[in-house]
Amino acid sequence: MRQRGVSTGFRALILGAAAGGGLPQWNCGCRNCNLARQGEIAPQTQSSLAVTGDGRHWTVLNASPDIRDQFTRTPALHPTGQRELPLSSVLVTNGDIDHVAGLLTLREMQPFTLLATAGIHDILSNNPIFDALNPEVVTRSTVTLEVPFSIAPGLQATLFPVPGKTPLYMERIGEEVRTDVIGDQTVGVKLEADGDVAYYIPGCAYLSPDLADRIDGADLVLFDGTLWRDDEMRLAGVGVKTGKRMGHMSMSGPEGSIAAFAPLDIGRKVYVHMNNTNPVFRPDAPERAEAEAAGWMIGQDGMEIQL
Ligand code: MLT
Ligand code: MN
Ligand code: ZN
């Protein structure tokens, strides 16, 4: 086993722990959404993570529709001058609405670098509404898979493919939907600061042997926790889609992430991108106890992780 670093360089802030829709989702009357409306469980915003290697320059991984509120309640991201922000770059890991819609909030002539693979940049440039990000101010930079790059001072990143599917809004009636495409439209992020290694993988259809090998030995993995079980949305009476159909592996069961991660040596395992139906959002749920007993932390808005 590799010696784990004692550096205080790498920090991650969970800006939004929920999947698309958030908790509560505007139109959802499931148990969790009702509990969140009643103040019985903590509401959670949509999928986003802020990371830094030096505590002064931050990168936001995924721009969720809730990004305005996420910036407001995160002092580390507040302006440091009239129009100065401690934000170096924004990186998106796929073209899903919960990961790109917040880019529209980031107009206002604020300079930053927008990082994505060629495939994800194509999705953005085929949607003219994203031209709201003035190219003279926001630089779009294409990242090549498997090539490490400096994402912020003191922080290296490498993008790699993970099995996933094209964004829901690009599915076409009559066309077969592949939910486990391995290419450059769904990626994970490796982050390295001062010898510490973290992975951010908010969407993943299955943990391939390659992917398991890649993350084995990491100090931290933040991973797709969309559903507890594949047919959870049907059981909750809120839809017919399975997790598999959405390109997400479940937490539980023989093919789930709890089982897949069990043989791996990972310092900290944190679930992110949880759908509002996921029972782990309830502190007293047996499913949550089961995940925690397997060494997982359930991510939540505002959670800070320091390596
Ligand atoms: C997903 O993660 O499956 C998507 O965010 C779903 C969606 O776009 O609603
Ligand atoms: Mn999503
Ligand atoms: Zn709900």
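At a glance:
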{"item": "Filter result for R140 (charged (D, E, K, R), in contact (Cβ under 8 Å) with a residue 24 or more places away in the chain and either over 24 Å from N275 (Cα atoms) or in a loop (DSSP other than H, G, I, E, B) (or both))", "result": "yes"}
{"item": "Residue identified as within 16 Å of ligand 2 (Cβ to nearest atom), over 21 Å from M246 (Cα atoms) and under 19 Å from the mean Cα position of the chain (by Cα) among L145, L159, L115, L103", "result": "L103"}
{"item": "Filtered residues of segment 247-263 (kept if surrounded by 16 or more Cβ atoms within 10 Å (Cβ to Cβ) and assigned to a loop (DSSP other than H, G, I, E, B))", "result": "G247, H248, M249, S250, M251, S252, G256"}
{"item": "Which listed residue is among the hydrophobic types (A, V, I, L, M, F, W, C), under 30 Å from A236 (Cβ atoms) and more than 16 Å from ligand 2 (Cβ to nearest atom), from A36, A18", "result": "A36"}
{"item": "One residue from I215, I258 being free of Cβ contacts under 8 Å to residues at least 60 places away in the same chain, more than 16 Å from ligand 3 (Cβ to nearest atom), under 19 Å from the mean Cα position of the chain (by Cα) and over 26 Å from G195 (Cβ atoms)", "result": "I258"}
{"item": "Strands (runs of 3 or more DSSP E) wholly inside segment 1-99 containing at least 1 residues that are surrounded by 19 or more Cβ atoms within 10 Å (Cβ to Cβ) and within 16 Å of ligand 3 (Cβ to nearest atom)", "result": "11-16"}
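Only the coordinates and a few stated rules stand behind these numbers; no lab work does. Quick caveat: nothing in here was measured; it's all calculated off a predicted structure. In this analysis, Cβ positions are derived from the backbone assuming ideal geometry, glycine residues included, and neighbour counts consider all displayed protein chains.
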